[in-house]
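Undergrad: Below you'll find the structure I mean.
The values are calculated or read from the model by the stated rules, or taken from the named source; none is laboratory data. Note that the structure is predicted; figures quoted are calculated from it, not measured. No Cβ is skipped: glycine too gets one built from the backbone with ideal geometry, and neighbour counts run over all protein chains shown. Each accessible area value is taken on the protein alone, full model and side chains, heavy atoms only, with ligands, DNA and RNA left out. Shrake-Rupley method; radii C 1.70, N 1.55, O 1.52, S 1.80 Å.
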Amino acid sequence: MKRLFAPTETHPAETRAAVAPDTVRKFRDLGLAVSVQKGIGAKSDFPDAAYAEAGADVVPDAPTGYAQADIVTRVRKPSIAEIDALKPGTLQLSFLDPFNEKPLIDELAKREIAAISMEMIPRTTLAQKMDALSSQANLAGYAAVVLAGDRMRKILPMMMTPSGTISPAKFFIIGVGVAGLQAIATAKRLGARVEAFDTRPVVEEQVKSLGAKFVKVDLGDTGQTDQGYAKELTPEQLEKQRAEMAKACARADVVITTAKLFGRKAPLILNEEVLTQMAPGSIVVDLAVESGGNVAGSKVGEEHVTANGVRVLGPENLEGYFPKDASLMLASNFYNLIDHFWDAEAKDFQFREDDEILKGCLITRGGQIVHERFKG
Ligand code: NAD
């Protein structure tokens, strides 16, 4: 019988677990034995006893788990030492950051690990149920609004009371991918007035359908990649965008930036000058802080107030801000991927190499880098 193992995450900011008790049951129904490391769900409210009750073996440490595993699921990329602890031929699924992790990919290949990078799963309808980038970005978008609401000194909805009328808070969302859409929806639900902008023109309709206003900026040709990702702007386009964004930022109580470029550094959109034009008490939440940052001065895991009173937040691991639900979704993404490729008779993962999803996300296998984008 094949065995799946999920270790406890080691990164200090990581709150999520790659397997939840309910997914243990589902993996067992496929015919997989499951082990988890003691304490795996300590930060996401899943006690070891719940995993054991679902049929998992709770092992005391990661090396014990790796030594027995045929499949490993984890949230963050493994270290070189952790790769070396895996059996050759192990299937390992996690976020891998493959664009920035050449030595890690070389090591995965060298150790004959079949490595799947969750960020490389194609953004197609068929793959939606395994799309961990989306499931986590959606929660990050929600968390950004909750976080901003907590730091604000005014409320979000309009209130008409005998004591007076309070005007609704004004939100401006820059970057309307999965996180941005959820941020718009959440801010609207809480009664804020919302404006938004994205360089991909197709987004305008989506923004309007959520009841928000799309800020129009004529940047000329912007377009998107065949996977729907934004293309990098020219320096001139970016300069024009900054100038236009400044006006919308100046009228906002909260600016949430989510503008990312897949596999590349995020563009700097709110420079010092834009920040100085914002009102005291305004909040800026930079969701791109971990990939370079959209906001001047934002730092991962830090919060500061500018000289003119603007509070800039650079939250770390906002995807895991609500770890229970984030873990449930992520665990379900891993399960759906494995289930999609499961051979019920052989009770094993089947590497269907002509499959578009697998071609998109399998980075190494059989001692080689197999993904076209990372070869050579
Ligand atoms: P992302 O995290 O890479 O980027 C977030 C947003 O920032 C994007 O909308 C991008 O256009 C925008 N952006 C980049 N540079 C910008 C700039 N200078 N100014 C303003 N905005 C800027 O995006 P994502 O959330 O991962 O989504 C990427 C694409 O994948 C989208 O087209 C989305 O609709 C698509 N998608 C499709 C599916 C599916 O079909 N199953 C699932 C999820 C996402």
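Undergrad: Per 5 Å bin, what percent of the C-alpha pairs of region 138-320 does each bin hold, from zero upward?
TA: Pairs per bin, as whole percents: 1, 9, 18, 23, 22, 15, 7, 3, 1, 1, 0.
Undergrad: Could I ask something else about it? Which ³J(HN,Hα) values in Hz, rounded to whole numbers, follow from the phi angles of region 223-234 under the Karplus curve 6.51 cos²θ - 1.76 cosθ + 1.60, where θ = phi - 60° and Gly and Pro get x?
TA: For region 223-234, the Karplus curve yields x, 8, 7, 5, 8, x, 7, 5, 8, 5, 7, 6 Hz.
Undergrad: I need the P(r) histogram for region 106-226: all alpha carbon pairs, bin width 5 Å from 0 out to the longest distance, whole percents.
TA: All Cα pairs considered, the percentages come to 2, 10, 16, 16, 16, 13, 10, 6, 5, 4, 2, 1, 0, 0, 0.
Undergrad: Return the percentage of antiparallel bridges among DSSP beta bridges fully within the chain, rounded to the nearest 5 %.
TA: On the way: 15 of 50 bridges.
Of the beta bridges lying entirely in the chain, close to 30 percent run antiparallel.
Undergrad: What is the sum of charges, Lys and Arg at +1 and Asp and Glu at -1, for the other residues whose Cβ falls under 14 Å from the Cβ of ALA259? Could the numbers behind the result be given before it?
TA: Working: positive: ARG200, LYS231, ARG242, LYS260, ARG264, LYS265; negative: ASP198, GLU232, GLU244, ASP286, GLU290.
With Lys, Arg at +1 and Asp, Glu at -1, the net is +1.
Undergrad: Taking the simple approach of a point 7 Å from Cα along Cα-to-Cβ for both LYS265 and SER209, what is their distance in nm?
TA: Calculated label separation equals 3.6 nm.
Undergrad: Mean projection of the alpha-carbon convex hull of region 1-148 over all orientations, in nm²? Don't skip to the answer; put the middle values down first.
TA: On the way: hull surface 38.7 nm².
Over all viewing directions, region 1-148 projects a mean Cα-hull area of 9.7 nm².
Undergrad: Quick query: amide H of GLU195 versus all other amide H atoms, modeled in the peptide plane; which residues come in under 5 Å with a sequence gap of 5 or more or a different chain?
TA: Correct list: PHE171, PHE172, ILE173, LYS213.
Undergrad: If you take the Cα atoms of the chain, find Rg, then find the Kirkwood Rh from the mean of 1/r over all pairs, what is Rg/Rh? Numbers along the way, then the final one.
TA: Details: Rg = 22.1 Å, Rh = 22.0 Å.
When Rh is taken as the Kirkwood radius, the ratio is 1.01.
Undergrad: Hey, another quick one. What's the center-to-center distance, using Cα atoms, between region 247-292 and region 344-376 in Å?
TA: Between the Cα centre of region 247-292 and that of region 344-376, the gap is 38 Å.
Undergrad: For the residue pair GLU272 and PHE351, what label-to-label distance in nm results when each label sits 7 Å from Cα along the Cα-to-beta-carbon direction?
TA: 5.3 nm
Undergrad: While we're on this one: Considering only protein heavy atoms and a 1.4 Å probe, what is the carbon-and-sulfur percentage of the accessible area of region 138-320? Mind showing how you got there, number by number?
TA: Details: 4470 of 8360 Å².
Carbon with sulfur: 53 percent of the solvent-accessible area.
Undergrad: Hey, what does the equivalent ellipsoid look like for region 288-376, semi-axes from the Cα gyration tensor as sqrt of 5 times each eigenvalue, largest first, whole Å?
TA: Values: eigenvalues 320, 74, 14 Å².
Taking √(5λ) for each Cα gyration eigenvalue gives 40, 19, 8 Å.
Undergrad: Separate question: For region 305-376, report the accessible area per residue in Å² (1.4 Å probe, heavy atoms, rounded to an integer).
TA: Working: 3420 Å² over 72 residues.
The answer is 48 Å² per residue.
Undergrad: Still on this structure: Which value, in debye to the nearest 20, describes the size of the charge dipole of region 138-320 about its Cα centre when Lys and Arg Cβ atoms bear +1, Asp and Glu Cβ atoms bear -1, and nothing else is charged? List each step's numbers first, then the result.
TA: On the way: 21 positive and 21 negative charges, 125 e Å.
Computed charge dipole of region 138-320: roughly 600 debye.
Undergrad: Same structure, new question: Compare the peptides 307-315, 151-159 by average per-residue count of other Cβ atoms within 10 angstrom and give them in order, highest first. Walk me through the numbers on the way to the answer.
TA: Details: 307-315: 18.7, 151-159: 14.2.
Per-residue mean Cβ counts within 10 Å order the peptides as 307-315, 151-159.
Undergrad: In deg cm²/dmol and to the nearest 500, what is the mean residue ellipticity at 222 nm of the chain if only DSSP H runs of at least 4 residues count, each as -39500 (n - 2.57), divided by the residue total?
TA: On the way: 12 runs with 121 residues, N = 376.
It lands at -9500 deg cm²/dmol.
Undergrad: Ranked from the most accessible area to the least, with a 1.4 Å probe and all protein chains present, what is the order of ASP45, ASP70, ASP198, ASP325? Working shown, then result.
TA: Values: ASP45 110, ASP70 40, ASP198 20, ASP325 85 Å².
Largest to smallest exposure gives the sequence ASP45, ASP325, ASP70, ASP198.
Undergrad: If you take every DSSP beta bridge fully contained in region 226-376, what fraction is antiparallel? Give it as a percent rounded to 5. Numbers along the way, then the final one.
TA: On the way: 9 of 17 bridges.
Beta bridges within region 226-376, antiparallel portion: roughly 55 percent.
Undergrad: Can you give the FRET efficiency for LYS231 and GLU119, using 1/(1 + (r/R0)^6), R0 = 22 Å, r = Cβ-Cβ distance, to the nearest 0.05? Before the final figure, lay out each step's value.
TA: Details: r = 18 Å, r/R0 = 0.83.
Calculated value: 0.75.
Undergrad: By how many nm would the segment from GLN224 to THR165 grow when fully extended, if each residue of separation counts as 0.36 nm and the alpha-carbon distance is taken off?
TA: Numbers: separation 59, 0.36 × 59 = 21.24 nm, distance 4.31 nm.
Full-extension gain reported as 16.9 nm.
Undergrad: Another question, if that's okay. Given a cut-off of under 8 Å on Cα pairs at least six residues apart, what relative contact order in percent is computed for region 138-320? List each step's numbers first, then the result.
TA: Details: 384 pairs, mean separation 36.0, N = 183.
Once divided by the residue count of region 138-320, the mean separation gives 20 percent.
Undergrad: Let me ask something additional. Please list 358-367, 112-121 highest first by mean number of surrounding beta-carbon atoms within 10 Å per residue.
TA: Details: 358-367: 19.7, 112-121: 23.0.
Listed from highest to lowest mean packing, they are 112-121, 358-367.
Undergrad: Gaussian network model of the chain, Cα springs within a sub-10 Å range: biggest mean-square fluctuation belongs to which of VAL203, VAL176, VAL36?
TA: Comparing VAL203, VAL176, VAL36 in the GNM, the peak value goes to VAL203.
Undergrad: Compute a Gaussian network model of the chain, connecting alpha carbons closer than 10 Å, and tell me which residue from THR165, THR90, THR222 fluctuates the most.
TA: Between THR165, THR90, THR222, it is THR165 that shows the largest mean-square fluctuation.
Undergrad: Output needed for region 175-243: three equivalent-ellipsoid semi-axes, defined as square roots of 5 times the C-alpha gyration tensor eigenvalues, in descending order, whole Å.
TA: Values: eigenvalues 103, 37, 18 Å².
They are 23, 14, 9 Å, listed from largest to smallest.
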